[in-house]
Structures are given as C-alpha cells and as structure tokens.
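Below you'll find the structure, written out as structure tokens, and then a few comments.
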Amino acid sequence: MQLSVRSWLLLMMTAPLIAGSGWLPPLLWIAGGWLLLVSALLLVEAQLMPKAGNWRLERRHEARLSLAAQNRICIVIELFSSPGTAFRRVPVWLRDTPPPIFRLDRAEPLLAGFAAVNSAIELVYHVNPPRRGDYAFGDLYLRWEGPLGLLRRQARFAAAAAVKVYPNLVDVRKYDLLLRRNRLAEMGLRSTRLRGVGAEFERLREYTPDDEYRRINWKATARRGRPISMEYETERSQNIYVLLDVGRMMRSPVGDVAKMDYAINAVLLLAYVATQKGDRVGLLTFADAALSYVAPRGGKVQFHRLLEHLYAVQGEPVEPDYSVAFSEFAARQHKRGLVLVFTDLTGGVTTESLIAQMAQLRRRHLPLLVTVADPTINRLATQPIVDSASLYERTVAERMLAERRLALDQLRRQGVQTLDVPADALSVAVIDRYLAMKQRLLI
C-alpha cells in the first residue's frame, strides 16, 4: 500500500503550522488535529478500497499470434463487490509483461482506465513479434486507488502463459473478410475473378479492350453489329509449386524481420488464396540440400498443413545449392504448373546457377522468381556523400543494385518472370502476380 500524491500534500500542510507554532503555540494543536484527521481518513480509505481478492484479470488474444503484424492483446479487468465502491469508478493502472522481443505499439507500458463494481473493462494494446517460435507472457500487475484518492494498492496476478508466433495470419483473416465484402481493393489487390480462360464455354458478352482477339465470336459480332467476346469457365485444380530458399542470405533482416519470414508470410497468404480457388499447392524448402517437402494438395486441410510446416521452418547458415533443389523438384513433379521460387540474389557463381536452373525450369513449367528488395540498400545508394564512409557505402550499394538488376534482366530475357518488391508489399504483390499468371497457365 502506498500514499498517493494527494496524501502527501495533505500531510505536508502541517509543516507550516508546526513552523509557526514557535510564534503562535496554538498552531501546534491545530497541526496535531490535522494529522489525526488525515490519519483517520487514511484508515477509512484502507477499509473501503478494494482488496486484491476483489479483482479478476484475464489476458485474451488469438491462440496463434502472427509474425510481423499488429496482434491485439486485451486485458479484461473485473471488480467484484466491495464496500465503498458500489457507486463510483475506481482508477486502475495495468502493466503487462509480454516477451521482451515483441515490439509494442505504445511507448508508455502502463495502461490506464476506470473500473466499476460487478462490471468488466477492457484495456487493449498491440504487439508485433519479429520472429516465429514459442514465447511466454508473464504475470499481470495492477495498481488501483481508493475512493478518496489517498491510498494506492498494487498486486500481482498470475497470468503467465505460453504463446506461439506463426506466419502472418492477420493478412489471411483480412483477405477473407474483404473477399466476403467484395472490397479486396482496400488490401491493394486487383479483381480476383478470372474470365476468358478455361475449356468450358460460359456465355457471350460485349468485347472489352483487354480481351484477346481469338476470344471474339465473329458470328455473334455480325448478328449484333458490335464486337462480342466468348467467356469461359475458369478451370480449377491447377498446380502451384513453391520453392523456398532458407539459406544464409534469406536470414538477413529487413528492419527487425528476416527476409525468409517475409517470404513465409507471402507463401502462407498465397496458399490460402490458391486453395480457396481450388488449386493444389505444394512446398519444397532448401538450402545446400532439399530440406523438406509437402506434396501439392488442395483444400483447407492443405492450408493448415502448410501453416504448421512453415511455423517450424528454420534458416540455415549456408549458401543455397539451386542445382540440388531444382533436381529434387524435377524428380518429384512432372505436371505443368506455376512455380514460385523465393530466394535472394547473392551474386557470383550462385546467381549464375540460379539463372541457369530457372531457364531450364521454364521448359516444363511457368516459373516466377520472387526476391525481397531491401530499402536500406536503396537508401544507401542514393545518400549524399559527406565523407569517405558515406562514399564507400554508396559505392557498395550501387554495385549491389547494379548486379541485382543485371541478374533480373538476364532472367527476363530468357522468358522467366521476376518479382522484386519491398518486404512490406511482398504478400499483396505475390497474390496479384499469381492471379495474373494463373490466367496464362490456363491458356
């Protein structure tokens, strides 16, 4: 139990009375009476204010927290019947103890509010985990004030609990919600309805500038006097293969989050969207060898299978061996499909091997190379030169960007599509490209 600022001010009011009693002795009796009054108020306050047993605290959050996303943490505070609190609000201050590695959405760790008897309040904050894995929250600490604001009590409430951080499920839930409301543009996604491709005729409609000429129905055009296109039902159950590099360069961070984890978030959202559209999604992780494999399947079960698999993926401190990984993939998969390769361009022999393997992959599949652009490199390449250190940093950054552009250009010249975007835009960009390439895959 602690004295509040108000209590200290009341007690300090006796100081001038005691000091003045040297000239006016009755002031000493007034000071003593004032001290007795304040002491009586403190005793009453101690009896009336809630005890630790009158409180119940509970931490609520998703069973699986999402990597590199704002996760809502809600603390529910309930105050049960206690004398002196039936018709007033009780000021409360709460301190939670999330895992130290989590980033908080607030600089001040204390949450403040007012509690009333036999009712619950919610104090909310958000955490942003930069790593996947197993973590633990600690206990909760609550401080509250008495009805007169003279005393404060503090208590510790057992609330330690383990929590798992998975790849980003927030984007998955957001996509699902916006899809149901037909508002995917708010997420940055284009229309996901695929028309004009497939094998089964669906209907005739007016021609639009984006339609291919071979889709024009010339007989209907002649009858109606204006261009008419044929629309086909979209074929389903296409094969989507993901090759995920978990080698040394993919462990390098962009901000606080590794490139590999940004790629994993994108793969997870891709798996959800693709399985929703009836496609089959498979996964191969690799570094200097093929590390794990999930056969392509469709449906919600496959999405959850990939979720658990991606949760356990760990980076390896070695250079990737593309020839081994692509040979393993070729041995396992023979059906044509869309192949997304998530990796980073390291330069030298490794990049030459990647270019050769991607070009060979194009003979049987429709490949897409996905790389994560590092905004720090772009910033260093354009920074002003003020000293020798900044000159060196800019020179190295410009050289790295030039090598990266050269490698991507070589891949494009060989017919391999590439996607090089900043980390925070990766997931949406991958989905947009998947939807565009899916049409090409069906033609």
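The values are calculated or read from the model by the stated rules, or taken from the named source; none is laboratory data. Given the structure is predicted, the values throughout are model-derived calculations rather than measurements. All Cβ positions, even for glycine, are placed from backbone atoms using ideal geometry, and neighbour counts span all protein chains on display. Just so you know, the surface numbers come from the protein's heavy atoms only, side chains and all, with ligands and any DNA or RNA stripped out. Shrake-Rupley method; radii C 1.70, N 1.55, O 1.52, S 1.80 Å.
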Using heavy-atom solvent-accessible surface (probe 1.4 Å) with all chains present, what is the largest-first order of Ser237, Ser229?
Ser237, Ser229
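Using the crude model of +1 on Lys and Arg Cβ and -1 on Asp and Glu Cβ, and no other charge, please compute the dipole size for the chain relative to its Cα centre, in debye to 20. Don't skip to the answer; put the middle values down first.
Numbers: 60 positive and 44 negative charges, 338 e Å.
For the chain, the charge dipole is close to 1620 debye.
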Could you work out the helix-only [θ] at 222 nm for the chain, with each DSSP H run of four or more residues adding -39,500 (n - 2.57) and the total divided by the number of residues, to the nearest 500 deg cm²/dmol?
-11500 deg cm²/dmol
Positive-end residue of Met437, Ala263, Tyr322, charge dipole of segment 236-440 with Cβ unit charges:
Met437
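Going highest first, how would you order 49-56, 9-16, 361-368, 426-433 by mean Cβ packing within 10 Å? Please report the intermediate quantities before stating the final value.
On the way: 49-56: 16.2, 9-16: 12.9, 361-368: 18.0, 426-433: 21.4.
In descending order of packing, they fall as 426-433, 361-368, 49-56, 9-16.
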Angle between the chain longest axis and helix 26-48 axis [Cα atoms, degrees, rounded to 10]
40 degrees
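I'd like to check one number: the per residue accessible area of segment 17-149, probe 1.4 Å, reported in Å² as a whole number. Present the calculation step by step, with values, prior to reporting the outcome.
Numbers: 6860 Å² over 133 residues.
Ligands and nucleic acids excluded, the result is 52 Å² per residue.
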When all protein chains stay in place, what accessible area (Å², nearest 10, 1.4 Å probe) is found for Val257?
0 Å²
Measure of exposure for Glu393: accessible area at 1.4 Å probe, Å² rounded to 10, is 80 Å²
Volume per residue of the C-alpha convex hull in the chain, rounded to whole Å³:
249 Å³
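Could you give the length gained by full extension between Ala52 and Asp256, i.e. 0.36 nm per residue of separation minus their alpha carbon distance, to one decimal place? Don't skip to the answer; put the middle values down first.
On the way: separation 204, 0.36 × 204 = 73.44 nm, distance 3.90 nm.
Computed gain between Ala52 and Asp256 is 69.5 nm.
Top to bottom by accessible area (1.4 Å), largest first, where do Val421, Val273 land?
Values: Val421 25, Val273 0 Å².
From most exposed to least exposed: Val421, Val273.
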Cα centroid separation, segment 251-297 to segment 367-443 (Å)
19 Å
Packing-ranked peptide list from 152-164, 122-134, highest mean Cβ count within 10 angstrom first, is 122-134, 152-164
As straight-line cross-link partners of Lys335, the qualifying lysines (C-alpha separation under 20 Å, not fewer than 8 residues apart within one chain) are Lys277, Lys438
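Take the alpha carbon gyration tensor of segment 236-440, find the square roots of its eigenvalues, order them as a ≥ b ≥ c, and report rounded if a/c is under 1.5; if not, report prolate when a/b exceeds b/c, else oblate.
Working: a/c = 1.84, a/b = 1.66, b/c = 1.11.
Because a/c hits 1.5 or more and a/b exceeds b/c, segment 236-440 counts as prolate.
Over segment 15-143, what number does the Rg to Rh ratio reach, with both radii from the alpha-carbon atoms and Rh per Kirkwood?
Details: Rg = 22.3 Å, Rh = 18.1 Å.
Using only Cα positions, Rg/Rh for segment 15-143 is 1.23.
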